[in-house]
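The values are calculated or read from the model by the stated rules, or taken from the named source; none is laboratory data. Model, not experiment: these values are computed from the prediction. Quick reminder, even Gly has a Cβ in these numbers, built from the backbone with ideal geometry, and neighbours come from all protein chains shown. Quick note on the areas: whole protein, heavy atoms, side chains included, nothing else; ligands and nucleic acids left out. Shrake-Rupley method; radii C 1.70, N 1.55, O 1.52, S 1.80 Å.
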Amino acid sequence: MSATPFLMLSAILFTIGAVGVLTRRNAIVVFMCVELMLNASNLALITFARVHGNLDGQVAAFFVMVVAAAEVVVGLAIIVSIFRTRRSASVDEANLLKY
Amino acid sequence: MSVIAAAAADFQAPDIDWGALAPVIAVLGAAVLGVILEALLPRRLRNVAQIGLALAALVVSLVLLSVLWAKPPVSVGTVGPAGAVGRLTQGMNLSIMVDRPALFLQASIVVVSLLAVLTMVERSRDADPFTPQGSAVPGSDFENASRQAGLVQTEVLPLLLLAVSGMMVFTAAGDLLTLFVALELLSLPLYILCGLARRRRLLSQEASLKYFLLGSFGSALFLFGAALLYGATATVNLAAMSQVLQSGAPLLVVTGVVLVLAGLLFKVGAVPFHAWTPDVYTGAPTPITGFMAAATKIAAFGALLRVLFYGLAPLQDTWQPVLVIVAVATMVVGSVVAIVQADIKRMLAYSSIAHAGFILTALVAVQEAGISSTLFYVLAYGFTTLGAFAVVALVRERDARNNITGEATHLSQWAGLGRRSPVLAGVFTLFMLAMAGIPLTSGFTAKFAVFSAAVSAGYAWLAVVGVVASAAAVFFYIRVIVLMYFSEPAADATTVVAGRPFTAAAVALGAVATILLGVVPAPVLELARTAATAPFGG
Amino acid sequence: MNLILSGTAGAAAQAGAASGVQSLTWLLVGLPLLGAFVLMVGGRRTDRWGHWLAVLLSWAAFVIGAAVFLSVLGEPASERVSVQHLFSWVPAGAFSAEAALRVDTLSLTFVLLVTFVGSLIHVYSVAYMAADPDRRRFFAYLNLFVAAMLLLVLADNYLLLYVGWEGVGLASYLLIGFWNHNPSYAAAAKKAFVANRVGDIGLALAIASMFLVFGGVDFDTVLGGAQQDGLQYQGWMTFIGLMLLLGACGKSAQVPLQSWLGDAMAGPTPVSALIHAATMVTAGVYLVVRSGAVYQAAPTAALIVVIVGALSLLFGAIVASAKDDMKKVLAGSTMSQVGYMMLAAGLGPVGYAFAIFHLVTHGFFKAGMFLGAGSVMHGMDDVVDLRRFGDLARTMRITWLTFGAGWLSIIGFPFLSGFWSKDAIIEAAFVGEGWRPWVFGSVAMLAAGLTAFYASRMFFMMFHGRKRWDTGAHPHEAPPLMTVPMIVLALGSVFLGGVLTIGGAFVNWLTPVVGEAAEEEPVLSVPVITAITLALVAIGALWAWRQYAASDVPVVQPRGSLATVAARRDLFQDDVNEAVFMRPGQYLTRSLVFADTKGVDGAVGGIAGMVAGTAGWLRKFQTGFVRSYAASMLVGVVVLLGALVVVR
């Protein structure tokens, strides 16, 4: 089974995630898109591991998942603290620092 | 089942050289211990315990690093049995390579972190840079009550130690996966630390959010690039990768390289990945800004060195043009936009972008000169910038009832500082001159080394651009000096907080280091050169 | 340009290391320098005894100088050179200059002259400056001057000589402008300094050229090299010679850098006596004589030296003949007499020894005349106008006698010092071929007559004729501290010349340094020269007597002939300087300032504006929205990728 469909899916997911980061205003959704990007990379890693026949990619995917989980913890804490302060989770509202 | 049993029988435990990892373990272990102590100790003991633990861990780590320096460096290069230090994981390819450049960088990080800890441990009510309760909503009664009660957020130091350990691994990483993990390890605590400022909490939280979102975006880019490189070379290990890449670079590899570079350049603060730097540096608590500006740069440049000169060395022709474009853009944007800034932290942030550009010019020299000059520059810059931000932390506002409130960061509030606090103004002048690259300061020696490396690699025009950008940059450095000494102070809103012993000590150490590295740079330059001539592939 | 010439061989005598008494040579510079330092740093606390310290140190220097002289006398002629090496001063790779002092007959002559006359003047100044509250500072500067002058003449290389050169220039500036509360005095000091500076450019260029050509600047290298290979590199030798001459002109007030000497009389009279008569103005002659080997190799330059000397000779004599300020007369006289020395020095080996001889005798009689003038000023309430003196011979006996001794010496009265030295120069001027001996000899002879005229004019106007004093003037003799030095100098003016001529003692003394002169006959025989000279002297003196002693001297200055008016205006020297140098220089300065403001500042301002504009544009990208930051990152990645793909 060729790897191309998987890789294409991975690329599409990555692009969707990137575009989502650029276009969505809700901080939680933006973060979800970042997670989407990370998972796209996971998919790519696993696919390549299958292609090359060694396990490095799969091991990497595990690590990435753990790291992503830790990131979620931190990220949500930050987003929640902002939400509690401003009563809004919009990333555009946080623009006091500019120019 | 038999497959698993067979695999279990053949299981080869990795050969881990714990000695080489001892400095990292010291810091990491202290961080974990700190978190545990945080939970177990009664409130009045926590502060002293954490401070003592952090300082002890850093000092022990430094001692271990010097012991390691005396041992012969790891010999890497091709796949084969390696030397005495830093062997890890199966086979012969190392996940963490503790060679001389890594030792130098790790020691730089630890020393800089020691100074950073000094700036963070002021605990008297006005001088504490951190909020009493990170989870409290700014301006709420809960926060005021916490402040009255004199609560102190002591988890700051374990977080710092976690970040330091992440940085230490980041500079010694031998494969892309370790790089990613270390990148996240150093970034996550920093995201949190940025949001913990005592005053102007809105700005602080905004800085934290921006850093987090953009940082995770950058890490995601990095990871995808790593995945592509893995796909092209069948390995994540840098050593093996460089072997495979010698046979050419298909489009997959080029894309992967660009994405990996994007992630690393994001950490460094290079154009076009620099947009977070001004906002985050301005919003974060000043000691954290100093720490970020100094230590993160050391770590990020160390990782860049390793990835470019070691892993992607055969692809020199691919990434050199990229670096050149980025370097020019970074130097120009950093120097030029800083001219129109009115907030001193933002100005220093743009100046740190400019400095990143200067260091990038050395990276185009894929030789020993490039490595040694980069090592020296990040160390010298680390001291200077840490000292500068520590001084910024000392200049505070005074409200109508003569209470000392937040930092006075607007440039106009710095007018006439030379007359009111001559020593402080003098030291800050020293830091400004060092950043401008005036001779007899560390900045000059560093810039000279970096530009000579670029010239020796045939990129003389790049050095010229660098010198021109430095000339433009001198303006805003001198503007602060002129403001301090030759301008009349406005309404008396600024004051200097004297008697902050730890911060003052950090400032003094930074100043001494700046002068020493400028007047007698030879010992450190020798160390950097020794580090650079280690078998490193570059 | 690499070394053209090298090698140190060829010095007239081999320089040995200084030993024994000669190892004290450094004290000659050190003691007066110490005095200057103590007095300047000590400040008001040293006011009561400071001047005595200065006097003591100055005499101590003389004693050491005399001791060194005696020890050198005891050595055979070929060994009368020793060098005391102090420390390695400028070790700079290919170039090295040592701090070393050279003790040879030429430098010792100057040492003795400077310390002896200088010490006498120190003693004189104790009384002359007794009423001045800044007396201590005066003595500090005097000591500084003595130290610098001794350094100048004792230096073993041109670079160290330059240090002493600058030092005497500095001391001269400080002393001329001593009463700097008076703006015209301060301006005079400035003028002296500026004129000296122009000359110093010449000296600096000469030293640089020496390094270029010879590879070193010490005397052995330069002079030895010039002796050996000079004729092959005449162009460079001529250049060096002319540059040295420029320096000498500045220091010795020769044409064209002579305009400062008259104004320098604004300083206290002892200063004029010491610096502007006996010592500093002779530094230029020292330089030319010391560099004799260079001039030997560059006949053109030597000829220019003679011409400069001749011009200054006449210039000074003409100006002195018309001035009514007695110090300015003496200044013009100094310029003229130094012209004699320069003329002799330019003539080559035949004239070197006589130039120095006249230098020594001139030091005595000119200093004596200046001290006498100071005594008259002291007695007449600081009046300097000759027209307000007259008939002082009776009231100021000692001054009259000592000044008279100087007068007789300077006009060349038979068998006094001046007679021996000046006539020797005139004879040497008549040696040679073609037009030169006739022209130069005649000028020298004519000038002797002019000298007699102006010197006699001055003497008669001061001490004889009708009393033309101001009302309330009480001329009185000077105190012993002033008269004793005057007497000593007068004795020297009378006897020194004769003593030194016995057996050609002085000429033989100097031979190891200046070389042997070929025995040549002057174009006119010696008796004839002497006779004509004496006749001219007699005519000059008698004419002056007729004008200023026998007839009445008007107190108000009469208009005078065109020549007199011109001479009173110093032959328009200041006007020439202003027209040729000052005004064009001011135009140049103004145009440069204009170019700087409009051109350079405009360019810089334009660049700054451009940068600021770019900054304003760039900062707009930092919008504050996270999404736009992320977008810029992504765009950056795409652009970089695109660039790479395109490049491949």
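Details
- Qualifying residue in region B:300-315 (condition: within 14 Å of another protein chain (Cβ to nearest Cβ) and out of contact with any Lys or Arg (no Cβ under 9 Å at 6 or more places or on another chain)): yes
- Taken over region B:215-245, the residue count meeting the criterion of being at the interface with chain A (Cβ under 9 Å from one of its Cβ atoms), in a helix (DSSP H, G or I) and aliphatic (A, V, I, L, M) is 7.
- Exclusive hit being part of a helix (DSSP H, G or I), open to solvent by less than 10 Å² (accessible area, probe 1.4 Å) and at negative phi, set A:76, A:36, A:45, A:7: A:45
- The residues of region C:603-627 that are in a helix (DSSP H, G or I) and either open to solvent by less than 40 Å² (accessible area, probe 1.4 Å) or touching a residue at least 24 places away in the same chain (Cβ under 8 Å) (or both), listed by number, are C:611, C:615, C:616, C:618, C:626.
- Residue in region B:200-210 that is surrounded by 24 or more Cβ atoms within 10 Å (Cβ to Cβ), touching a Leu at 6+ places or on another chain (Cβ under 6 Å) and either assigned to a helix (DSSP H, G or I) or within 14 Å of chain C (Cβ to nearest Cβ) (or both) present: yes
Conditions (1) β-branched (Val, Ile, Thr); (2) more than 9 Å from every other protein chain (Cβ to nearest Cβ); (3) touching a Cys at 6+ places or on another chain (Cβ under 6 Å), marked per residue:
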| position | (1), (2), (3) |
| --- | --- |
| A:15 | yes, yes, no |
| A:21 | yes, no, yes |
| A:37 | no, no, no |
| A:43 | no, no, no |
| A:77 | no, no, no |
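- Flag for residue C:309 being assigned to a helix (DSSP H, G or I) and at pLDDT below 90: no
- Complete set of residues in region C:167-181 that are in contact (Cβ under 8 Å) with a residue 40 or more places away in the chain and open to solvent by 50 Å² or more (accessible area, probe 1.4 Å): C:179
- Selection count where residues are more than 19 Å from residue C:636 (Cβ to Cβ) and free of Cβ contacts under 8 Å to residues at least 60 places away in the same chain, scope region B:320-368: 1
- Residue within region A:50-64 that is surrounded by 18 or more Cβ atoms within 10 Å (Cβ to Cβ) and either within 13 Å of chain C (Cβ to nearest Cβ) or closer than 24 Å to residue B:209 by Cβ (or both) present: yes
- Selection count, region B:339-363, where residues are buried (at least 24 other Cβ atoms within 10 Å of the Cβ) and over 20 Å from the mean Cα position of the chain (by Cα): 0
- Some residue of region B:146-157 being within 12 Å of chain A (Cβ to nearest Cβ) and either open to solvent by less than 10 Å² (accessible area, probe 1.4 Å) or in a helix (DSSP H, G or I) (or both): no
Matching residues to (1) farther than 18 Å from residue C:252 by Cβ; (2) part of a helix (DSSP H, G or I):
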site	(1), (2)
C:181	yes, no
C:187	yes, yes
C:195	no, yes
C:208	yes, yes
C:212	yes, yes
C:225	yes, yes
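- Restricting attention to region C:622-633, the residues that are in contact with a Pro (Cβ under 9 Å, 6 or more places away or on another chain) and either facing chain A (nearest Cβ under 7 Å) or aliphatic (A, V, I, L, M) (or both) add up to 2.
- Elements of type helices (runs of 4 or more DSSP H) in region C:514-601, at least 1 residues being assigned by TED's automatic domain parsing to the domain that holds residue C:329, exposed (fewer than 11 other Cβ atoms within 10 Å of the Cβ) and over 33 Å from the mean Cα position of the chain (by Cα): C:526-544
- Hits in region B:160-190 (condition: closer than 19 Å to residue B:41 by Cβ and either touching a Cys at 6+ places or on another chain (Cβ under 7 Å) or open to solvent by less than 30 Å² (accessible area, probe 1.4 Å) (or both)): B:160, B:161
- Residue tally, condition touching a residue at least 60 places away in the same chain (Cβ under 8 Å) and open to solvent by less than 50 Å² (accessible area, probe 1.4 Å), over region C:200-218: 7
- Subset of region A:80-89 [more than 7 Å from chain B (Cβ to nearest Cβ) and either in a helix (DSSP H, G or I) or open to solvent by 30 Å² or more (accessible area, probe 1.4 Å) (or both)]: A:80, A:83, A:86, A:87
- Of all residues in region B:246-255, those being part of a helix (DSSP H, G or I) and not aliphatic (A, V, I, L, M) number 1.
- The C-beta contact set for region C:535-561 (first residue more than 19 Å from residue C:462 (Cβ to Cβ), second residue open to solvent by less than 90 Å² (accessible area, probe 1.4 Å) and not hydrophobic (A, V, I, L, M, F, W, C), distance under 9 angstrom, 6+ apart or interchain) comprises C:535/C:449; C:536/C:449; C:537/C:412; C:537/C:449; C:537/C:451; C:538/C:449; C:539/C:449; C:560/C:568.
- Within the set C:382, C:470, C:391, the sole residue that is closer than 25 Å to residue C:120 by Cα and part of a loop (DSSP other than H, G, I, E, B) turns out to be C:382.
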